[in-house]
Protein chains: 2
Amino acid sequence: MTSPGVAAVFSLAGGRLDHPTMTTTTLSPPRSRTELWRELGQQLRVDSIRATAAAGSGHPTSAMSAADLMAVLLDKYLRYDFDRPDDPNNDHLIFSKGHASPLLYALYAAAGAIGDEELLTLRRLGSRLEGHPSPALPWVEIATGSLGFGLPVGVGIALAAKTVDPRPYRVWVLVGDSEMAEGSVWEAFDHAAFWQLDNLTVVVDVNRLGQSGETMHGWHLMSYAERLRSFGWEVFPIDGHDVEAIDEAYAAAIETVGRPSVIVARTLKGKGVAAVEDKPGWHGKVLPDPEAAIVELGGRRHIRIAPAAPSAGPPARTYMASSPVLPTYEVGTQKATRRAYGEALAALGSTREDVVSMDGEVSNSTFSGLFADAHPARFFEMFVAEQQMIAAAVGFDVRGLTPFASAFAAFFSRAYDFIRMAAISRASIRIAGSHAGVATGEDGPSQMALEDIAMFRAVHGSTVLYPSDANQTAKLVALAADNPGVTYLRTTRADTPVIYPPEAQFEIGGSRLVHASLHDEVTIAAAGITVHEAIKAALRLAEDEIYARVLDLYSVKPIDREALLDSLTATGGRLVTVEDHWPQGGLADAVLDAVADSGLPLQVVKLAVSDLPGSGTPAELLHAAGIDAAAIDAAVRSLIDPLAIP
Amino acid sequence: MTSPGVAAVFSLAGGRLDHPTMTTTTLSPPRSRTELWRELGQQLRVDSIRATAAAGSGHPTSAMSAADLMAVLLDKYLRYDFDRPDDPNNDHLIFSKGHASPLLYALYAAAGAIGDEELLTLRRLGSRLEGHPSPALPWVEIATGSLGFGLPVGVGIALAAKTVDPRPYRVWVLVGDSEMAEGSVWEAFDHAAFWQLDNLTVVVDVNRLGQSGETMHGWHLMSYAERLRSFGWEVFPIDGHDVEAIDEAYAAAIETVGRPSVIVARTLKGKGVAAVEDKPGWHGKVLPDPEAAIVELGGRRHIRIAPAAPSAGPPARTYMASSPVLPTYEVGTQKATRRAYGEALAALGSTREDVVSMDGEVSNSTFSGLFADAHPARFFEMFVAEQQMIAAAVGFDVRGLTPFASAFAAFFSRAYDFIRMAAISRASIRIAGSHAGVATGEDGPSQMALEDIAMFRAVHGSTVLYPSDANQTAKLVALAADNPGVTYLRTTRADTPVIYPPEAQFEIGGSRLVHASLHDEVTIAAAGITVHEAIKAALRLAEDEIYARVLDLYSVKPIDREALLDSLTATGGRLVTVEDHWPQGGLADAVLDAVADSGLPLQVVKLAVSDLPGSGTPAELLHAAGIDAAAIDAAVRSLIDPLAIP
């Protein structure tokens, strides 16, 4: 890899400021490449100041510290076709310090991708230039702004190019020094070195000042450098305002082989404007006198840079994707849904080359290991680093793949912010959580997901699936592959009976009346493990000529409102909800939300896990929590005969 | 600090195995301290095997790797009075690798804290010996089992002894090598060095094998050692089965001044039993032939160790805690609830010495900075490390303090697993999240908490508070201080009108009918920012002689069911819920959950944030989301006259 060496295109006409309150300065054109970079750096600062001044808010000082670093990158090293953001060989530029968005937008303006008029719409309603970068803009692939998210996604994008879809692109990530305090970035540093991602270059903008004070390590560049070297990175500590040093560091970074590279740059927050430069108290604030600041920076420039074209690489891939031959299971046999997940995923991988799988070092529990056995080149061991795992999934999605990430369901709570940010990033990823609820058994509450449905329901555009049997699981795995957004699939640890024939069809947003009669007086709304308990209860009740139907709400979000209303109408509004989850935010909340405005007078008994469980067998714990067949039986009876209080 | 030098007490009578399927071996008493350690290590292994065999599940091999390390610790270095677990000067021993619980319980048995009969109740329903350690046992202060949680809490406990409550104790944390992949441990390593916690010693059990395969770094001890040194730790790489080396490392660790110390120990998973030793595939599994394994280990021992007494230190502190003189605000003035939070917290700190505050480097946004200004010795800057912040709060709670942790509400999603584990740990901590909802404005969706209510509701035993005005905020801050469990307080970025007089009283579980008449036809259920929108709507509607009441549900969990039912009864079951949150898991779900079984026929309109917001002013975004006064107005009208669809 060498630097592209494409000459910069620039125009330095002394123009008029578009922002009426600001003055104009006429400049001479730069005489050398280094002077161009310095001028471009000033332009990026000026435009960051102009945009934030027009917005009345934003982070100009955090943009100004990294302006020289990004100027040299844009002019000499970034290989990107702004007219074709979907070119699969484009470099990737991620602002992990998303609050420096004015700098990113100024850079887009310098590249001619956005006009000056749009630049000044920053932070306005309807503008593509949001306060923090988002895919509202075609050149932004993920949303950033939650520190520590962008870098791990960058690792995922770089990993894709080193493995399933070899590409010549480089991933550039701008990281703030405050952000270095986030554990998630150390997961990323660990993984990037492990995977030998020499196509990844990180720029750490060490401007010393966080939001409320100095960072933990201030300007001790060697603090960062030693840590990063110990993590296996090639490290270049430099003065982040010395464009020649920046150029040398980039040149050396792209020549680095076998390991990722990081430029640790000492910078000044608010660089170039004395009123704010290296001064605390100016984080996230418009400059006190933007007009004077622009004058101090030498006025507005009009440099235009045409970045180098992407390196030559293969055309966009079209993945072979025929219908999977899903595993089937015989009704009446026993099979854990987590195992069916693994078997279905492996089958899906056989007919779809776009499917990749990753696991948090529990692939023998989630059964993603079956995919790993069948398709080792498309399986990624992410070790016990759930945030990096989700970020890798997002990175693979950015590259057009179809990722499935798995772990114990409880441990996705470790990555909730990343899941939230994946949704804001408009990513389509699939997450399979095993070991749901008290049905997990002896391991105790730390291993039991009892909040996962609440957590995943409250993700924008998410889908939440909770299959009760193996055939249903297999079908839902296949549907998840083509489902947009964040799709969550909850599986159960223990073997459960196969209750649906292999030919049964299921759909996202669907449900299944799994037990019903003409005489039903109560609807039991269940999902996953509790479907089996509900069927047991219904059979027992029928012996006493009490008839209750069981509605399997395997699609918790979106939920099958129509089927719910039909059932409730048929059963006089009598409803038992039963779930292996805390009472908040789970199945019952989803059900009540769906039917609340139906006008039906309801009688509801909610069964959920209220007390903190301990260890025990699954059966003991389902009983202790009051969500087993006996509890359902009693709840149904209490609705039929209110005097028979359970 | 020197080693206590207390002679070990042991009894090595050749006893009978309590577990009937196992054989007995008679042993000679150990002849030296080192032989005692070796024997004790074998005893801990044998007892780990016995307990897991009796349970039929568990993690014997992960216990066996660390047995020698814990044997030397128990006999010579741990200063702990098992009869007085509440002695404030006791050392703290945390198994961050919680799955090694059989080793911890075997150690308690060796110390005489639990009997052999109880040891064999491991993982049974009702046993205090859960699959992963929990405070069901008096010597366990936090629950572990979610890797990467125990160490950061240990940092918090060590930090307390170095700051607000100086104590001679040492914090010992056993960490697994798989766990070193979690970003959260690197937050802990970073902070421990920053705070110079030389009262913290970590033992990393590098047994090379994770659950499903080899760890990222295998037995490359120097990989770990170099990283830890670069993070500022004193590092002792040793053979974790060489008791003399272990002894030397502990001796050097406790002499280390000015920095935390870590022993990086090369060990063998399943050490001592050939069938499983250093073999993959034996994670979390009972040994294939426990009886033969015990014979191979030399049979059962009966060594009893009386650990050294805690170092001399001050008696338990009683904190001065008189009623706070809370700030008051004049009705009709404007004040952001986040600012009232800071002012109330600072006031609370003035009369309560037990109150400590910590922030994720945004104290000038959350206004915890006001507490920092008033009580600098009790404020802790946790930088942008939300997991370490929550863990520190848990650690302070362990030490009897009253922690308040604050950050942007959205960023607590980064620490959701830690919050979940705090609840399982029976910790009482208070979390204040600012910048809630689209009312955050221009910063865009990455900075807007829209899932936080769902997330915090689904935490065991949690309380969720969402004040609408400054006086209410102040009162709720004071109530939060004495509230058990995880208490979440959601605050708003923008100034909002003060609507309650300073003398108004509020309570956890309460609500406030803030606008009502005798003619009300609709109940508007609101909280926080939407209370103000609801009042505006009600006033506007009244001009058209449409009467709606506004119920301020500032206590979202527990929610005031009685007031809701009263209001709904008074308004014919017509209900508008309005919240600055995703539609899932928030206020509306809480309301419907409370009233679903009331038997009241309901007509409900739910207003919440459905579409992904962008940037804009708070007013623009409230309007765009359909949760402002205009939307509420239309919703109320639609309930009064169903033909007037909004």
Problem set entry | From phi via Karplus (6.51, -1.76, 1.60), per-residue ³J(HN,Hα) for the range B:193-199 in Hz, x at Gly/Pro | 6, 4, 8, 6, 7, 7, 9
For this session: At 1.4 Å probe size, with no ligands or nucleic acids counted, give the accessible surface of B:K536 in Å², nearest ten.
Result: 100 Å²
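Which value, in debye to the nearest 20, gives the size of the charge dipole of chain B about its Cα centre, when Lys and Arg are +1 and Asp and Glu are -1 at the Cβ? Can you show the working numbers first?
Values: 52 positive and 78 negative charges, 314 e Å.
Dipole magnitude for chain B comes out near 1500 debye.
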Exercise. Relative to the other copies, what are the label-point distances for B:S350, with labels 7 Å from Cα along the C-beta vector, expressed in nm at one decimal and sorted shortest first?
Worked result: 7.3
Exercise. What does the average come to when, for each residue of peptide A:574-582, you count the partner chain Cβ atoms lying within 10 Å of its Cβ?
Worked result: 1
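For every other residue with a beta carbon closer than 10 angstrom to the beta carbon of B:G272, add +1 if it is Lys or Arg and -1 if Asp or Glu, then tell me the sum. Working shown, then result.
Details: positive: B:R45, B:K271; negative: B:D68, B:E277, B:E296.
Taking every other residue near B:G272 into account, the sum is -1.
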Problem set entry | Integer Hz, Karplus 6.51/-1.76/1.60 couplings in order for the range A:132-145, x for Gly and Pro | 10, x, 9, x, 4, 9, x, 9, 9, 9, 9, 7, 10, x
Exercise. Among all stretches of chain B without exposed GluC sites (Glu not before Pro) (DSSP loop, at most 10 other Cβ atoms within 10 Å), which one is longest?
Worked result: B:1-502
Problem set entry | Prolate/oblate/rounded call for the protein assembly as shown, Cα gyration tensor, a/c under 1.5 rounded | rounded
Exercise. For helix B:561-570, what angle does its Cα long axis make with the longest principal axis of chain B, in degrees from 0 to 90 and rounded to 10?
Worked result: 20 degrees
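Per residue, how much accessible surface does chain A expose to a 1.4 Å probe? Answer in Å², no decimals. Please list the in-between numbers first.
Working: 18950 Å² over 646 residues.
That works out to 29 Å² per residue.
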Problem set entry | the range B:503-610: antiparallel DSSP beta bridges as a percent of all, rounded to 5 | 20 percent
Problem set entry | chain A: calculated mean residue ellipticity at 222 nm from DSSP helix runs of at least 4, using -39500 (n - 2.57) | -10000 deg cm²/dmol
For this session: Enumerate the calculated ³J(HN,Hα) couplings along the range A:162-169 in order (Karplus 6.51 cos²θ - 1.76 cosθ + 1.60, θ = phi - 60°), each rounded to whole Hz, writing x wherever the residue is Gly or Pro.
Result: 9, 10, 5, 9, x, 9, x, 5
For this session: Of the options B:P314, B:V355, B:T337, report the single residue whose Cα projects farthest towards the positive end of the charge dipole of the range B:261-417 (beta-carbon charges: Lys, Arg +1; Asp, Glu -1).
Result: B:P314
Problem set entry | Positive-pole candidate from A:A136, A:A113, A:P88, dipole of the range A:79-136, charges at beta carbon | A:A136
Exercise. Full extension from B:A570 to B:E330: what is 0.36 nm times the residue separation minus their Cα-Cα distance, to one decimal in nm?
Worked result: 83.3 nm
Exercise. Taking the Cα centre of the protein assembly as shown as the origin, how large is its charge dipole in debye, to the nearest 20, when only Lys and Arg (+1) and Asp and Glu (-1) carry charge on their Cβ atoms?
Worked result: 1420 debye
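Quick one: net charge around B:R430, please, counting Lys, Arg +1 and Asp, Glu -1 for every other residue with C-beta under 13 Å from its C-beta.
Values: positive: B:R352, B:R490; negative: B:D354, B:D359, B:D397, B:D482.
Result for the neighbourhood of B:R430: -2.
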Exercise. Expressed in nm², what is the orientationally averaged projection area of the convex hull enclosing the Cα positions of chain B?
Worked result: 29.9 nm²
Exercise. Using alpha-carbon positions, what is the distance between the centroids of the range B:335-391 and the range B:158-207, in Å?
Worked result: 23 Å
Seminar exercise, completed: If amide H atoms are modeled at 1.01 Å from N in the peptide plane, then the residues at a separation of 5 or more from A:I263, or on another chain, having amide H under 5 Å from its own are A:V202, A:V203, A:V204, A:F236
For this session: Any chance you could give the angle, 0 to 90 degrees and rounded to 10, that helix A:221-230 forms with the longest Cα principal axis of chain A?
Result: 50 degrees
Problem set entry | Carbon/sulfur fraction of accessible area - chain B, other protein chains in place, 1.4 Å, % | 51 percent
Seminar exercise, completed: Counting only protein heavy atoms and leaving out ligands, DNA and RNA, the solvent-accessible surface of B:F367 at a 1.4 Å probe, in Å² to the nearest 10, equals 30 Å²
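What is the range B:531-641 by shape, rounded, prolate or oblate, if you read a ≥ b ≥ c off the alpha carbon gyration tensor as root eigenvalues and call it rounded for a/c under 1.5, prolate for a/b larger than b/c, and oblate otherwise?
Values: a/c = 1.93, a/b = 1.24, b/c = 1.56.
Here the range B:531-641 falls in the oblate category.
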Exercise. Which part of the range A:339-363 falls in the paramagnetic zone of A:S323, meaning amide N under 18 Å from the point 7 Å along Cα-to-beta-carbon?
Worked result: A:344-345, A:347-353
Exercise. For all pairs of alpha-carbon atoms in the range A:324-408, what percent lies in each bin of width 5 Å, listed from the first bin to the last filled one?
Worked result: 3, 16, 26, 24, 17, 8, 4, 2, 0
Problem set entry | Label 7 Å beyond Cα on the Cβ vector: A:E244 copy-to-copy distances, nm | 5.9
Exercise. For the range B:430-491, what mean projected area does the convex hull of the alpha carbons give, in nm²?
Worked result: 4.2 nm²
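Ratio of Rg to Rh for the range A:207-297, alpha carbon only, Kirkwood? Show your work: numbers first, answer last.
Values: Rg = 15.7 Å, Rh = 14.8 Å.
Reported Rg/Rh (Cα atoms, Kirkwood Rh): 1.06.
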Exercise. Given q = 0.20, 0.25 Å⁻¹, what are the Debye log10 I(q)/I(0) values for the range A:125-175, with equal point scatterers placed on the Cα positions and solvent ignored?
Worked result: -0.76, -0.99
Problem set entry | Residue among A:H241, A:H220, A:V202 farthest towards the positive dipole end of the range A:198-257, charges placed on Cβ | A:H220
For this session: Provide the net charge surrounding B:P403, with neighbours chosen by a C-beta distance below 10 Å and charges set as Lys +1, Arg +1, Asp -1, Glu -1.
Result: +1
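Using the Cα centre of the range B:269-393 as the reference point, and only Cβ charges (+1 on K/R, -1 on D/E), how large is the resulting charge dipole? Debye, rounded to the nearest 20. Mind dumping the intermediate values first?
Details: 13 positive and 14 negative charges, 87 e Å.
So the dipole magnitude of the range B:269-393 works out to roughly 420 debye.
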For this session: Report, by chain and number, residues whose modeled amide H sits under 5 Å from the one on A:K557, excluding near sequence neighbours (fewer than 5 apart, same chain).
Result: A:V464
For this session: State, to one decimal in nm and shortest first, how far the label point of A:A570 sits from each corresponding label point in the other identical copies (label point: 7 angstrom along Cα-to-Cβ).
Result: 4.1
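What shape does the range A:360-415 take by its C-alpha gyration tensor, where a ≥ b ≥ c are the square roots of the eigenvalues and a/c under 1.5 counts as rounded, a/b above b/c as prolate, and the rest as oblate?
Working: a/c = 2.06, a/b = 1.03, b/c = 2.00.
Cα axes put the range A:360-415 in the oblate bin.
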Problem set entry | Angle between chain B longest axis and helix B:33-55 axis [Cα atoms, degrees, rounded to 10] | 50 degrees
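The values are calculated or read from the model by the stated rules, or taken from the named source; none is laboratory data. For clarity, every value in this text was computed on a predicted model and none was experimentally measured. In this analysis, Cβ positions are derived from the backbone assuming ideal geometry, glycine residues included, and neighbour counts consider all displayed protein chains. The protein model used for the area step is the full one, side chains on, heavy atoms only, and it has no ligands, DNA or RNA in it. Shrake-Rupley method; radii C 1.70, N 1.55, O 1.52, S 1.80 Å.
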